[in-house]
Amino acid sequence: MIANPVPWPNAARCAVAFTFDMDADSILHLAHHTSADTRLAAMSMLRYGPEIAVPRLVELYKRFGMHQTFFLPAWCMERYPAAVDVILQGGHEMAHHGYLHEHPNELPSEEELYWLQRGIDVFVTMTGERPRGFRAPTYKFSRHTLTHLVNESFVYDASLMGDDVPYLLENTTGRVVELPSHYALDDWPHFMASRDFNYFMSIKPPRQAMEVYAAEFDAMWEYGGLWIAVWHPFLSGRLARCVAIAELIEYMHNKGQVWFARLDEIATYVQQLTQAGTWTPRVDRLPYYPGPIPELGAAEPTLAR
Ligand SMILES: [Zn+2]
C-alpha cells in the first residue's frame, strides 16, 4: 500500500513520534492583540500547557523511556523558561515553531525571515544550539519557507501532509527532509473548544480520539509508514486525555517493532539512508505553482466562494 516503504532501524515496522506544539498564550495575543490581557479564562486554558501539561507529559515519557520532540514558538520559551528546562532535562528535542506563532504565508519573505532568525537567536541563547527542525505555525508554510530553512541550515520540516513516509522538499536553494503528518493525527479537531477563538468542536471522549490515532498507527505499522501526532499540551495534556495517551503508548509497546524517536533522529536516519543509497526518498519540488493558475485570470476568483 506504500510504494516505497522505509527500512526502519532494528526491523521496526513503523516510526512513531509524539510531537507537542507548546503554543501557550501566543495564539491569543496573535488573534486578539489589544484585548488578550482581558481574556483571563482563555489565558488560563492556554497557560495550562506550560504550567501543568508539559511537566506531566515529560513524566509520562519518562515512565516509558521515550524521548520526543516539542515545538515551541520562541516567545513562549522566553515567557516559560521552566517548561524549557523540564523539556531539556527530559532529553527531548525542542524545535522551531515561529517567534509568536506568526503565519509565514501571510508575511512578506523578509518579515518571515526576520521572525525565523529572531526565534533561532532565542534557541541559541537558551539552549546553546540552533534548532534542527521547524513546523510552520497553523501549518502555514509559505512559498519562501523552504529557502529560508535551507539558508538557516535546518535539517527537517514537519509542516506538510504530502506522504505517509519521509520525503525531500527541494527548490533551487537546496533540500530539507519533510516529516509529514495529517489532520487525523492533530488533536485540534478532536478537542478544541473556545469562545475566544470562535472555535467549537463537539468535544469527543478521549478514547474516541485515540481510536482515530490507533487506526492510523495500525495502518502505518502494517505498511511501514511514519506516525506523527501533532498535539498541544493545553488540549491533550488535560488529565483524562493524558490517561488515554498512556494507554495508547502501552498499546503500541505491546504491539512491538515500533521505533519511538525524536524527529531530529528520524531526519538524520533518512539522510544516512539516502547517502548510503539504501533507500531513496521521493522528492517534492517547490513551489507547486509559480503563482495563481492562469485559467482564472488576474482578478481574485469568485468561483467556489
Ligand atoms: Zn502551534
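Share of carbon and sulfur in the accessible area of segment 169-267 stands at 52%, probe radius 1.4 Å.
Quick one: work out the % antiparallel among DSSP beta bridges in segment 121-262, nearest 5. In segment 121-262, DSSP labels about 55 percent of beta bridges as antiparallel. Take the Cα radius of gyration of segment 16-77 and divide it by 2.2 N^0.38 Å, N being the number of residues; the result is 1.28.
Cross-link partners for Lys62 among the lysines, with Cα-Cα distance under 22 Å and sequence neighbours closer than 8 places in the same chain left out: Lys255.
Its residue count N sets the reference 2.2 N^0.38 Å, and the alpha-carbon radius of gyration of segment 137-225 equals 1.34 times that reference. The mean accessible area for residues of the chain, using a 1.4 Å probe and ignoring ligands and nucleic acids, is 47 Å² per residue.
So in the chain, what percent of DSSP beta bridges are antiparallel if you round to the nearest 5? Restricted to the chain, the bridges split so that about 20 percent are antiparallel. Each Lys and Arg Cβ is given +1 and each Asp and Glu Cβ -1; about its Cα centre, segment 1-99 then shows a dipole of about 340 debye. Indicate the gyration tensor shape class of the chain (rounded, prolate or oblate), computed on the Cα atoms with a ≥ b ≥ c the square roots of the eigenvalues: a/c under 1.5 is rounded; otherwise a/b larger than b/c is prolate and the rest oblate. Rounded, because the longest to shortest axis ratio a/c is under 1.5.
Computed about its Cα centre, the charge dipole of segment 205-269 is approximately 260 debye, with only Lys, Arg, Asp and Glu carrying charge at their Cβ. For segment 114-157, the carbon plus sulfur part of the accessible surface works out to 49%, probe radius 1.4 Å.
Between the alpha-carbon centres of segment 231-264 and segment 125-199 there is a gap of 20 Å.
Whenever you get a sec, compute what percent of the accessible area on segment 23-110 sits on carbon and sulfur atoms (1.4 Å probe). That share works out to 53 percent. Projected over every direction and averaged, the convex hull enclosing the alpha-carbon atoms of segment 1-116 yields 10.4 nm². Per DSSP H run of at least 4 residues, take -39500 (n - 2.57); add these up for the chain, divide by its residues and hand me the 222 nm value, nearest 500 deg cm²/dmol. Estimated from H runs of four or more residues: -12000 deg cm²/dmol.
The values are calculated or read from the model by the stated rules, or taken from the named source; none is laboratory data. These figures come from a predicted structure and were not determined experimentally. Note that each Cβ is placed from the backbone with ideal geometry, even for glycine, and that neighbours are counted across all protein chains shown. Keep in mind that these areas ignore ligands, DNA and RNA; they rest on the heavy atoms of the full protein, side chains included. Shrake-Rupley method; radii C 1.70, N 1.55, O 1.52, S 1.80 Å.
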